[in-house]
Amino acid sequence: MRRNDEMTLGLYLTWEGYHRGAWRDPSAPTSDGVDIDQYAHPAALAEGAAFHFVFLADHQGVIDDHAAVARVSGNDGFEPITLLSALSSRTQDIGLVATATTTYYQPYHLARMLASLDHLSRGRAAWNIVTSASNFEAQNFGDKELADHDMRYARAREFVEVVKGLWDTWQDDAFIRDKQSGIYADTTKLHLLNHRGEHFSVRGPLNIARPPQGYPVLVQAGASDAGVAFAAEVGEVVFTAEPSLENGKRYYATLKEKARALGREDDQVLVMPGIVPIVGRTKQEASEKLQKLQSHTHIDVLIGKAHLWLGSVIDLRSIDLDALVPETLPRTNFIQSRQKLLLDLAARQKFTWRQLVRLISDSLGHLMVVGTPNDIANTMIDVFDQRAADGFNVLPATVPGGLKDFVELVVPELRRRGKFRSKYSGQTLRENVGLKRPANRFMQQL
Ligand SMILES: Cc1cc2nc3c(=O)[nH]c(=O)nc-3n(C[C@H](O)[C@H](O)[C@H](O)COP(=O)(O)O)c2cc1C
């Protein structure tokens, strides 16, 4: 099984940090979520360190819990494709990963917007394909409740097929712009999609040239049974949340095996778990940083966040927070894998509710390492070498402070040990992460 000796690194881009208490940290910017400079700065830090990409998460709404909403950042921020389009002119090399839901867009919209981002950035776009995860999103699109989990994945599967088909409707060299003859587009190189499926009816063609990368890189984070099957089919980069090395190895092996069974090559599916690094000169200093962030996080925030990520199946406000977490809860229709991951973790560690809601606020169940640069590099290298990861989605607890610590202290250590590169190797995101440029499906048929 061939793979790169160096890890792939992405930055989960926020202006304030991943921790729920980060915006109150004295080092956090005092501006707001709609100041482009506050995103351009961390993006520049990541680009200076040769990270492969920045990633913007997204939800189409605001949680329905005003006590929590009053105390969290993140509800005054940009729509990802819009922000990344602006950042494409402030960066040169770094990949730009936008989250967009297949549940509430139409494929034509997203095919066009993501193709635009790929052209604007000269081949650095990627799409994090999500299926949405809450009723508060559904209620912004005419529905009372989110559609059924498996049904969302069925729609997502067809959605992605349509989007890829739309990206292929013009051959790469269809626009000849021959002033002499007056022919702008060679319409023998134009292919109508004419898709008729269960969820979509899309004729095409798309009114933008084929993206520089053929297709923007496809990112997925499926972790339920339906989700893993989908990730194995379409994910070229697969995000996960997994704090346990053994479970991580299992997930990695399962995903690669499922992808292989579909004829995909191992090095064309990159598994990237999240990591929350909290860096200190000593372990003690790192722990103090975490404690400070925790002291900035109100119980209403912990409860609001935990309610959502445990799948909105239990009223945490009426629960004794010092009681032990039960092994199971009613299965959620939202993010099933995260509910399971958090409950398994609580059972393994014999957590009380108070400990679990704290952990959800700190890391959302991602691997969190609180320690020296060496501790963090050692953990990352171990996870990478033991094939539980091809790289990491770095979720700095604070920005810019925690990101600077990672870039200035952990990245050099990874480089010293030959696990991370020092410069970009290609022009496009595909070239930089070693993913092939997809052929045009209509050319294959010619
Ligand atoms: C690092 C990471 C980032 C994610 N970002 C988003 C996001 O921005 N929006 C969203 O709706 N879901 C997001 N998800 C959730 C996934 O899209 C997916 O729903 C989940 O990981 C697995 O769902 P499943 O258990 O239902 O298969 C993210 C997951 C991970 C691991």
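With A154, A147 as the choices, which residue is surrounded by fewer than 21 Cβ atoms within 10 Å (Cβ to Cβ), more than 17 Å from the chain's Cα centre (by Cα) and closer than 24 Å to D64 by Cβ?
A147
Which residue pairs have Cβ atoms under 7 Å apart, sit 6 or more places apart or on different chains, and have a first residue in the range 336-348 that is more than 8 Å from the ligand (Cβ to nearest atom) and a second that is assigned to a helix (DSSP H, G or I)?
Close Cβ pairs satisfying both conditions: L342/W309; L342/L356; L342/I360; A346/L356.
Residues being more than 16 Å from the ligand (Cβ to nearest atom) and either surrounded by fewer than 23 Cβ atoms within 10 Å (Cβ to Cβ) or not in a helix (DSSP H, G or I) (or both): count how many of those fall in the range 17-30.
The number of residues fulfilling the criteria is 9.
Before we move on, is R124 more than 13 Å from the ligand (Cβ to nearest atom), of a type outside the set (G, A, S) and closer than 30 Å to F420 by Cα?
So R124 fits the description; yes.
Only one of these is near the ligand (Cβ under 10 Å from one of its atoms), without any contact (Cβ under 8 Å) to a residue 60 or more places away in the chain, within 17 Å of I335 (Cα to Cα) and not in a loop (DSSP other than H, G, I, E, B): A226, A231. Name it.
A231
Condition first: away from the ligand (no atom under 14 Å from the Cβ), free of Cβ contacts under 8 Å to residues at least 12 places away in the same chain and over 24 Å from V97 (Cβ atoms). Can you find one or more residues in the range 129-141 that meet it?
No.
Quickly run through the range 412-441 and pick out the residues that are of a type outside the set (A, V, I, L, M, F, W, C) and outside any loop (DSSP other than H, G, I, E, B).
P412, E413, R415, R416, R430, E431, N432, R441 - these are the residues of the range 412-441 that are of a type outside the set (A, V, I, L, M, F, W, C) and outside any loop (DSSP other than H, G, I, E, B).
Report whether or not P212 is part of a loop (DSSP other than H, G, I, E, B) and in contact with a Leu (Cβ under 9 Å, 6 or more places away or on another chain).
no
Take A261 and decide whether it is over 21 Å from R437 (Cβ atoms), small (G, A, S) and away from the ligand (no atom under 15 Å from the Cβ).
Against the criterion (over 21 Å from R437 (Cβ atoms), small (G, A, S) and away from the ligand (no atom under 15 Å from the Cβ)), A261 qualifies.
Every read-out reported here was derived from the displayed coordinates using simple, explicitly stated rules and does not represent laboratory data. Worth saying up front: this structure is predicted, and the values here are computed from it rather than measured. Ideal geometry is used to build each Cβ from the backbone, glycine not excepted, and the neighbour counts take in all protein chains shown.
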